[in-house]
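> Take a look at this one; I'll ask things after.
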There are 2 protein chains.
Amino acid sequence: MDGQFSLGFDFGTESVRVLVVRLRDGHIAGQAACAYPHGVIDNTLPVSGAKLPADYALQNARDWLDSAAIASKAATAAAGIAPTDVVGIGVDFTSCTMLPCDSNGAPLHLKPPFDNIPLAWPRLWKHHGAKAETDRINQVARERKEPWLDRYGGSIGLEWFFPKVLETLNHDPLVYEATEVWIEAGDWFVWQLVSGPYPHCNPADIVRSTCQAGYKAMWNAATGYPTPDYFSAVHPRLADVVSRRMPGTLEAPGQRAGRLTARAAKLLGLEEGIPVATAIIDAHAGVPGAGVADESTMVLVLGTSSCHMMNSTVERLAPGIAGVVQDGILPGYFGYETGQASVGDAFGWLAGLLNMSHDQLTARAAQLAPGSGGVLALDWLGGCRTPLMDGRLSGAFVGLTLTTRPEQLYRAMLEATAFGLRWIVETLREAGVPVRRFVASGGLPAKSPLLMQIYADVLGEEIRLAESDQAVALGAAILGRIAADQHVRRHPSLAETIGEMARQRQDLVYRPHPDATEKYKSLYALYRSLADSNGTMARVMREMRERP
Amino acid sequence: MDGQFSLGFDFGTESVRVLVVRLRDGHIAGQAACAYPHGVIDNTLPVSGAKLPADYALQNARDWLDSAAIASKAATAAAGIAPTDVVGIGVDFTSCTMLPCDSNGAPLHLKPPFDNIPLAWPRLWKHHGAKAETDRINQVARERKEPWLDRYGGSIGLEWFFPKVLETLNHDPLVYEATEVWIEAGDWFVWQLVSGPYPHCNPADIVRSTCQAGYKAMWNAATGYPTPDYFSAVHPRLADVVSRRMPGTLEAPGQRAGRLTARAAKLLGLEEGIPVATAIIDAHAGVPGAGVADESTMVLVLGTSSCHMMNSTVERLAPGIAGVVQDGILPGYFGYETGQASVGDAFGWLAGLLNMSHDQLTARAAQLAPGSGGVLALDWLGGCRTPLMDGRLSGAFVGLTLTTRPEQLYRAMLEATAFGLRWIVETLREAGVPVRRFVASGGLPAKSPLLMQIYADVLGEEIRLAESDQAVALGAAILGRIAADQHVRRHPSLAETIGEMARQRQDLVYRPHPDATEKYKSLYALYRSLADSNGTMARVMREMRERP
């Protein structure tokens, strides 16, 4: 296996990164990134120059192919490997980034006159144009007591798949009618590799990911998508959306979606026939990428916001979870996704407000004892995801005095995100889902040892760190290898494969200090009483947000 | 009266200021200030150099005489008047600043070995060493259902007179036993003028102010000080504190306490025999100094903290008022004192935290609509005085998002102090005390027109401004004239006298904007629900404050 490599295609918000990873040990032999020429389209529409509404965020699907081609060639060149050394391809993508296309795989927005219609363009995950549609979809689901609603903590999100579909039907019915295939961007890219690229794709070759479908499109293994009856109640013309406009089959991430076509191989500078894995959502790829293959190990992806994911053998419903999906992260498990809307960006906001650097603030905050000298914060600067699922909530500081210093606010905000994490862990445990180990990845752990120690202290648990700082892209590459594995050697276990390619750091483990953990117990109780969703604080926050 | 002047001695925390005021029109003909050589003694004790506890704040009584002498001579010189032109002297002083002395008027701390004992020194109003004693005094009063307790909103304060006396008895019983006269600093200074200076004072000449006694020593006109039974229940050796260690009579501010002795006249560079008015607390002097002589006009003294005072013909008990005292501010009225612990100092803290100037913040905050773009604050940075009387409460911000800017926090804090003021006004009105007009004085009104407009909008009432920026010292001078008046002309009404010497500005009145007032109604309701003293927020604040 020394000469064998897997490629991970990691599609982010601004660019795609390609990793060339050695099968034997996960060594990254080469990598390259390429920004999308049109980036995030949130101001004016290309071609027409038309001004976009403030909550729009679009992309150009052609960018994904072009940038992937450049990054793929550059990465293999950097690794100095031969095209024949690549045995598998994995793909992760932001989600729910989705697009309308025709049955040959061509994005609608590339065909005039659709290039002049904003909702014919791919909508990026953070496109927020479908507020009314999200409300409608939730309202009808609640009225009909749809059984799938509880898998998502009782509420589906503004950024998900069907709100964006319904937005099109409501605002541009002609675009909706012209769409033969509604598809997640990750699934679309995989389709281009195994069947196209467009206009040579065959809709029968579409393999959709159970990850994207499960977390963003209300699909589950037992019952599939919501029923035509439900969709009809939402909007009569939506009744046949799945059967008529969402062709293809569903597979778990890492299951083989197909093999690279000659045309796609040429585009990417690779060999025809390489196995391609079913796609996965970017954050979720961080689970195998952090070397986690077992159940009950929570992977904390800590960045501007935080996403906490875990595989489990039990399926339980818990309030405010972003989703529990069979085969949602790795085949054979129930995948749990939970999240905190504002973590790194809350720290960034505060540092900007105080006009001080993170380094200054951290150095001083580290001198303070648990409790930040009497200041308690609520970390809901961008609303509360798990467990309250309420975007109208906001941040708060309590306990301010005339001697309160900047570092007290900063530490209080670090502690608040730790309390928010503990609440999530307790929510899962109370629902009967064991949470036994913690592995941190993402951008924050390396930047803030103080934050990691506070998390360990507040949880009262050890936290290990993902070895790779490219856990997401590495995860994609691992899935590419899994898709390839049956052909290059006897089928090993998932855990063996992941363990060979990704690990946690051995030199640094954050362990809780018992006295700090003890102090945080009562502080956490105070945080929880402030954070009561039926309490005065939450009511005031909602009313302040909803004022004209 | 053209050649007749009154002197106002205004004893602040760091210095004394003397105003020379023309009787005819209140014109300030000259003024001078002189800092106390020892300032605030809160670090080490002079002479011994002994380290003081953190909550101690002492002064040197000799400083008061020496600085007053310098300022008095400088002020009359600046005014270019003859000593014979001075017809009256008034005195205001911080309170409760108090001291132990002997029966000849000599401060105990000036006599060895007492100079080495911190509690033999004058204690400044903000000396906070008597926490346990305050609790004891309140607890016994509640258990015994002392009738005077309700005059103080149900609780007496840490900075008051008897807590400081009891502190001495508990910690330094020998100092307590050696004290022949416990006295307020304002009353002591008047005693020095009409009977001394020490060691020539006669205890029979002591005239204590009903203002200081009423607001800081649980005295009232109908029943006097608390009974020996009560004091005995607090501490057996305190039983005879009033009869044995607090000689003298009581008069309302402005009533004549006596005439300047030859020795005192020499000290101050004045003529013997000038009438001297009974003292008044500094803030309370701001009522006549703002040109307010009638009932139901609330004088807002806005500075680092705020004190809101009003004369009324009705006596009602209201929660959390600092006191209702007959003859407490002006003779013939019930004087109400209410307060907010942190106003200007909260704005100052915030500007420092944000590292921006008040001008910058104000300019940007003025662009925002009522509601500060969704941010709501609680203004209890130094606890809540009226109406909750709870020093364990603290400040808060609610409604923070990733786009919250410094000026939103700043405006929210301005608005919070306005809501706090409205709460006080409503508390009085609900108790049956009419509040009909508003006059602002102190340092803040001139500095922040935005603050004044917000106050007018939140109250839905006009706010006039005191004409003089020296309203407190001017008020003292007015009281000096009142003490003198019976000798220089037929006795005019109090209102006439005050009206001749102090007024409100005619060129600037803050009037409420009806649309802003309407918007503030619902915001005030939200503030009140956050500020619920039995609510979660208040409970969390108290627990955060009381943590080890």
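The values are calculated or read from the model by the stated rules, or taken from the named source; none is laboratory data. Keep in mind the model is a prediction, meaning the values are calculated, not measured. Neighbour counts run over all protein chains shown; Cβ positions are idealised from the backbone, glycine included. Keep in mind that these areas ignore ligands, DNA and RNA; they rest on the heavy atoms of the full protein, side chains included. Shrake-Rupley method; radii C 1.70, N 1.55, O 1.52, S 1.80 Å.
> Based on the Cα gyration tensor of region A:77-171, what are the three equivalent ellipsoid semi-axes, each the root of five times an eigenvalue, rounded to whole Å and given largest first? Can you show the working numbers first?
Numbers: eigenvalues 223, 92, 24 Å².
Result for region A:77-171: semi-axes of 33, 21, 11 Å.
> In nm, to one decimal, how far is the B:THR249 label point from the B:ASN116 one, both placed 7 Å along Cα→Cβ?
In this crude label model, B:THR249 to B:ASN116 measures out at 4.3 nm.
> By what distance, in whole Å, do the Cα atoms of chain A stretch along each of the three principal axes, largest value first?
Over chain A, Cα extents along the principal axes are 67, 56, 44 Å.
> Can you compute the modelled spin-label distance between A:ASP469 and A:HIS27, with each label point 7 Å from Cα toward Cβ, in nm?
Here the answer is 2.0 nm between the modelled labels.
> Have a look at B:PRO449, B:SER103, B:PRO37 and report the one farthest towards the positive end of the charge dipole of the protein assembly as shown, computed about the Cα centre with Cβ charges (Lys/Arg +1, Asp/Glu -1).
Ranked along the dipole, the leading option is B:SER103.
> To continue, here is another question. Residue by residue through region A:11-16, what is 3J(HN,Hα) from phi via Karplus (6.51 cos²θ - 1.76 cosθ + 1.60, θ = phi - 60°)? Round to whole Hz and write x for glycine and proline.
With coefficients 6.51, -1.76 and 1.60, one gets 8, x, 6, 10, 7, 10 Hz.
> With +1 on each Lys and Arg Cβ and -1 on each Asp and Glu Cβ, and nothing else charged, work out how big the dipole of the protein assembly as shown is about its Cα centre, in Debye to the nearest 20. Present the calculation step by step, with values, prior to reporting the outcome.
On the way: 100 positive and 116 negative charges, 44 e Å.
For the protein assembly as shown, the charge dipole is close to 220 debye.
> Once you place label points 7 Å from the Cα toward the Cβ at A:ARG429 and B:ALA78, how far apart are they in nm?
A separation of 6.8 nm, rounded to one decimal place.
> One decimal, nm, shortest first: give the distances between the label point of B:ALA363 and those of the same position in the other copies, each label point 7 Å from Cα along Cα→Cβ.
Here the equivalent label points are 3.2 nm apart from this one.
> Same structure again: Run the numbers for A:HIS200 and A:ASN355: contour at 0.36 nm per residue of separation, minus the present Cα-Cα distance, in nm.
Separation in residues times 0.36 nm, less the Cα-Cα distance, equals 50.4 nm.
> Roughly how much of A:GLU543 is accessible, in Å² to the nearest 10, using a 1.4 Å probe?
For A:GLU543, solvent-accessible area is about 80 Å².
> Against the 2.2 N^0.38 Å scaling, with N counting residues, where does region B:326-368 land? I'd like the Cα-based Rg ratio to two decimal places.
In units of the 2.2 N^0.38 Å rule of thumb, it is 1.92.
> Note the buried accessible area between B and A here, summed over both chains, with a 1.4 Å probe, in Å² to the nearest 100.
Buried area between the two chains comes out at roughly 3300 Å².
> Two-decimal Rg/Rh of region A:261-381 from alpha-carbon positions, Kirkwood Rh?
My calculation puts Rg/Rh at 1.14.
> On to the next question. Which FRET efficiency value, to the nearest 0.05, is calculated for A:ALA363 and B:SER522 with the Förster distance at 41 angstrom and r the Cβ-Cβ distance? Working shown, then result.
On the way: r = 43 Å, r/R0 = 1.04.
Plugging the Cβ-Cβ distance into 1/(1 + (r/R0)^6) gives 0.45.
> Could you pull out every residue, at least 5 positions away or on a different chain, whose amide H is within less than 5 Å of the one on B:ALA29? Hs are placed 1.01 Å off N in the peptide plane, and Pro or chain starts have none.
B:VAL20, B:VAL21, B:ARG22
> From the backbone phi of region A:192-199, what are the Karplus-calculated ³J(HN,Hα) couplings (6.51 cos²θ - 1.76 cosθ + 1.60, θ = phi - 60°) in whole Hz, Gly and Pro given as x?
4, 6, 9, 9, x, x, 3, x
> Can you list the residues in region B:363-382 whose accessible area drops by at least 10 Å² when all protein chains are present, compared with the chain alone? Use a 1.4 Å probe, heavy atoms only.
The answer is B:GLY374, B:LEU376, B:LEU381.
> At a threshold of 8 angstrom on Cα-Cα distance, excluding pairs fewer than six apart, so keeping six or more, what relative contact order does region B:131-254 reach in percent?
27
> List every residue whose amide H lies under 5 Å from the amide H of A:GLY323, counting only residues 5 or more places away in sequence or on a different chain, with H placed 1.01 Å from N in the peptide plane.
Residues meeting the amide H criterion: A:GLU337.
> Between A:ARG429 and the same site in the other copies, what are the distances in nm, shortest first, taking label points 7 Å from Cα along the C-beta direction?
Label-point separations across copies, in nm and ascending: 5.2.
> Related question: What does the C-alpha gyration tensor say about the overall shape of region A:432-548? Classify as rounded when a/c is under 1.5, otherwise prolate if a/b is larger than b/c, or oblate.
Note, shape of region A:432-548 comes out prolate.
> Moving to a separate point now. Can you work out the accessible area per residue across chain B, with the rest of the protein chains kept in place, probe 1.4 Å, in square angstrom?
Ligands and nucleic acids excluded, the result is 34 Å² per residue.
> Right, next: Evaluate the relative contact order of chain B (contact order divided by residue number), counting alpha-carbon pairs under 8 angstrom at least 6 apart; express in whole percent.
In percent, rounded to a whole number, it is 16.
> May I ask for the net charge around A:PHE9, where only other residues with Cβ less than 12 Å from the Cβ of A:PHE9 are counted and Lys, Arg are +1 while Asp, Glu are -1?
-2
> Between the DSSP loop rule and a limit of at most 11 other Cβ atoms within 10 Å, which chymotrypsin sites (Phe, Trp or Tyr not before Pro) in region B:232-339 are left?
Here no chymotrypsin sites (Phe, Trp or Tyr not before Pro) fit, given the DSSP loop and packing criteria.
> Report the gain in length on full extension from B:GLU462 to B:VAL314: 0.36 nm times residue separation, minus Cα-Cα distance, nm rounded to one decimal.
Roughly 51.0 nm would be gained on extension.
> Leaving ligands, DNA and RNA out of it, report the carbon-plus-sulfur percent of the accessible area of region A:314-365 at a 1.4 Å probe.
That share works out to 49 percent.
> Of the beta bridges DSSP finds with both residues in region A:1-120, what % are antiparallel, to the nearest 5?
Taking every DSSP beta bridge with both residues in region A:1-120, the antiparallel ones total about 70 percent.
> Need one number: % antiparallel among DSSP beta bridges in chain A, to the nearest 5.
On the way: 50 of 71 bridges.
Around 70 percent of the beta bridges assigned by DSSP in chain A are antiparallel ones.
> Something else now. So what are the ³J(HN,Hα) numbers for region B:54-70, from phi and the Karplus equation (6.51, -1.76, 1.60; θ = phi - 60°), rounded to whole Hz, Gly and Pro as x?
Values, residue by residue: 5, 9, 8, 8, 10, 9, 9, 5, 5, 4, 4, 5, 5, 6, 5, 5, 5 Hz.
> Quick one: grab Rg to one decimal and Dmax as a whole number for the protein assembly as shown, Cα atoms only, in Å.
Every Cα atom of the protein assembly as shown included, Rg and Dmax give 37.5, 117 Å.
> Quick check: at a probe of 1.4 Å, how many percent of the accessible area of region A:122-167 sits on carbon and sulfur atoms?
Values: 860 of 1710 Å².
Here it works out to 50 percent.
> Still on this structure, I have one more. Using a Förster distance of 56 angstrom, determine the FRET efficiency expected from the C-beta separation of B:HIS513 and A:ASN104, and round it to 0.05.
0.35
> What is the diffusion coefficient of region A:197-323 in µm²/s, taking the Kirkwood radius over Cα pairs and the Stokes-Einstein relation at 20 °C with a viscosity of 1.002 mPa s?
Estimated diffusion coefficient is 124 µm²/s.
> If you put +1 on each Lys and Arg Cβ and -1 on each Asp and Glu Cβ, how big is the dipole of region B:1-130 around its Cα centre, in Debye rounded to 20?
So the dipole magnitude of region B:1-130 works out to roughly 100 debye.
> Just to confirm my numbers, what's the Cα centroid distance between region A:380-453 and region B:276-331 in Å?
Taking the Cα centre of region B:276-331 as reference, the centre of region A:380-453 is 48 Å away.
> On a 0 to 90° scale, report how tilted helix A:449-459 is relative to the longest principal axis of chain A, with both axes built from alpha carbons and the result rounded to the nearest 10.
Orientation of helix A:449-459: about 80 degrees from the principal axis.
> Given label points at 7 Å from Cα along Cα→Cβ, what nm distances, shortest first, separate B:ALA221 from the same residue in every other copy?
Spelled out, the distances from B:ALA221's label point are 8.6 nm.
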